[in-house]
Amino acid sequence: MSDYYGELHSKRLQLFTELVPDLRRLLILTDRTDPATARLLASIRRESQQLKLQLVERNATTETDLTRIYASLKTGDVDGVAIVSPNLITKFPSLILKLSSERRLPLGSHRKEMIQQGALFSYGPNYSALGRDVAGYVDRILKGAKPTDLPVQQASSLEFVINIKTAKVLGLTIPPSLLLRADQVLDE
């Protein structure tokens, strides 16, 4: 069985290194109480070795933990931020965006909404397309299909979005090849 979410994290790390050429040390935010963390972290560790990235792993479960982690960072300690645990992405996206922005740290995400709020880039499912896929499943169930008989599917569409305004604030120049690969470029 494929590790779909681990593969998405790996691809996100690859894109991060292309967007931030000086990326060497990456702050990895985890929540060890989140059941998905161990599997996703293992995937990121493997990919970071191939990319020669040093991971600075920090565990957080509360807003206080996140604030403490960012307050402890000195200039040059890390070159960017990635959120590993789905719990943190769900519970604290605005706080992580705010703290990353205050420290002028590029933040990679899987949600386009975070890009619209100031993260540098996102790579993940296209939630509009995902909604259409789910609607198809609901339609089939309402017409009598048993949910257990329906195949498990991955997101049918992934999107790569770059926030040029954030890149400019961070002093980054986005390579034209990445701009061409992006599904959307925000300059608002």
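None of the figures in this text is laboratory data; all of them are computed from the coordinates on show. Remember, predicted model here, so these are calculated numbers, not experimental data. Glycine gets a Cβ as well: all are built from the backbone with ideal geometry, and neighbour counts include every protein chain shown.
Here are the numbers for this structure:
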| quantity | calculated |
| --- | --- |
| Proximal lysines relative to LYS91, as straight alpha-carbon distance under 19 Å, when same-chain residues fewer than 8 apart are discounted | LYS112 |
| For the chain: relative contact order, % (alpha-carbon pairs under 8 angstrom, 6 or more apart) | 20 |
| Residues LYS11 and ARG45, FRET efficiency given R0 of 22 Å [Cβ-Cβ distance, rounded to 0.05] | 0.90 |
| Extended-chain gain in nm, criterion 0.36 nm per residue less alpha-carbon gap, ARG32 and LYS98 | 21.5 nm |
| Long-range HN-HN contacts of VAL56 with modeled amide H, under 5 Å | LEU26, LEU27, ILE28 |
| The chain - charge dipole about Cα centre, Lys and Arg +1 at Cβ, Asp and Glu -1, debye rounded to 20 | 220 |
| q = 0.09, 0.16, 0.18 Å⁻¹, the chain: log10 I(q)/I(0) [Debye, one scatterer per Cα] | -0.35, -1.01, -1.24 |
| Average Cα contact separation per residue, region 37-118, under 8 Å, 6 or more apart, as relative contact order % | 29 |
| In degrees, nearest ten, helix 63-72 long axis to first principal axis of the chain (Cα) | 30 |
| Pairs from LYS98/LYS165; LYS11/LYS74; LYS11/LYS98 whose Cα-Cα separation, in the structure shown, is over 19 Å | LYS11/LYS74; LYS11/LYS98 |
| Stretchable slack from ARG181 to ASN59, in nm (0.36 nm times residue separation minus alpha-carbon distance) | 40.6 nm |
| Where a label projected 7 Å from the Cα of ALA71 along Cα→Cβ would reach, residues of region 88-119 with amide N under 18 Å | 95-104 |
